[in-house]
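Before any comments, here is the structure.
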Amino acid sequence: MNGAWGVPHSTSTGPYRHPTREVAVIPVLNYEVAPEIPERATFWMPTEDDIPDDEGLGYFRDVWMILNEPLEYTRRVIESERGFITLVDRLAESVQDYETLASLIENGETERVITEPLLGRLKAEAREILEWTEDDELPLRSLELGVAGLSYALSTIGSVPVASCRGHMDGWSDQPVVYAAIDEQRAHWLQPLVQEAGCGFHIGMNREEFLAIDGPSIHHTNNLAQAVVSKFGGHTEMFDRWLDLDAIYTRYE
């Protein structure tokens, strides 16, 4: 397991302000969050036969299935993600720095130029990020910062995440979002947690069978992920239906 799991993390859930900056570099979008479940929501969960053998559901590109992930593993992903968010908020001095650091953490590499000042801060505080190789297991499992934890949290409670994005001005979402197949029981269980975290719901664009959970920033979505696993606590009996992973895996034997 890569040593980056141990990046120091903060447990603060208060306002997100860098101690030396008036405005945080990590984007916080100003939009009207909709914490209520949409009236047109389609509550849907796949059966074992619906799970594809190759990629994911919903015809998204470059995705893979994340099903019924163990609680303790998901907690590690969420805490690691929180540590990286704190690290990025501390080291980034511009939006470009933020994007560079986030892509390094997500992929072990970046297409952006690492400026000398940022490189110096990385070498001083998180050299291991610069030393990851293609053989290392990346701590966020190649998901994006701020939505990896929520994706795993939704999987752990038995929902099926199908796509996620931390928000990109030139991407398919400008805000952090996770699309998921969620049944009605789980959706109503999630709703107060979504609202308390300052996040919201919407119906997936051109994917109306999925609920999308969004947030103004990656801080919000990570906080929601923590709230989900904390409330769930491994009590599988609180939900009526779970995918039978054995039935799925026998197709590969």
Notebook entry, point to check: In whole Å, what is the distance between the alpha-carbon centres of the range 155-192 and the range 221-245?
Noted result: 14 Å
Item checked: 4 °C / 1.567 mPa s Stokes-Einstein diffusion coefficient of the chain, Kirkwood radius on C-alpha pairs, µm²/s -> 69 µm²/s
Next item on the list: May I ask you to evaluate 6.51 cos²θ - 1.76 cosθ + 1.60, the Karplus curve with θ = phi - 60°, for each residue of the range 34-51 and list the ³J(HN,Hα) values in order in whole Hz, giving x for glycine and proline?
Entry: 10, x, 8, 5, x, 4, 8, 4, 9, 7, 8, 10, x, 8, 4, 6, 7, 6
Notebook entry, point to check: How long, wide and thick is the range 168-227, going by the Cα atoms along their three principal axes, in whole angstroms, largest first?
Noted result: 34, 27, 13
Checklist line | Structure-based [θ]222 nm, the chain - -39500 (n - 2.57) summed over DSSP H runs of at least 4, per residue, nearest 500 | finding: -11000 deg cm²/dmol
Next item on the list: Report the one residue of THR133, GLN175, SER155 whose Cα lies farthest in the direction of the positive end of the charge dipole of the chain (charges on C-beta: Lys and Arg +1, Asp and Glu -1; origin at the Cα centre).
Entry: GLN175
Check: With contacts defined as alpha carbon pairs under 8 Å and 6 or more residues apart, what's the relative contact order of the chain in percent?
Finding: 28 percent
Check: Using the membrane-span-like helix rule (whole DSSP H runs, Cα extent along the own axis of at least 20 Å, mean Kyte-Doolittle hydropathy at least -0.5), which helices of the chain qualify?
Finding: 71-91, 218-232
Check: Peptides 122-132, 170-180: what's the order by average Cβ count within 10 Å, highest mean first?
Finding: 170-180, 122-132
Notebook entry, point to check: With every protein chain kept in the model, how would you rank HIS235, HIS219 by accessible area, 1.4 Å probe, largest at the top?
Noted result: HIS235, HIS219
Checklist line | Simple spin-label estimate for GLU209 and SER230 in nanometres, 7 Å along Cα-Cβ | finding: 3.5 nm
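The values are calculated or read from the model by the stated rules, or taken from the named source; none is laboratory data. Here the structure is a predicted model, which is why all the values come from computation and not from measurement. Every residue, glycine as well, gets a Cβ built from its backbone with ideal geometry; the counts of neighbours run over all protein chains shown. Heads up: the accessible areas ignore ligands, DNA and RNA and are worked out on the full protein's heavy atoms, side chains in. Shrake-Rupley method; radii C 1.70, N 1.55, O 1.52, S 1.80 Å.
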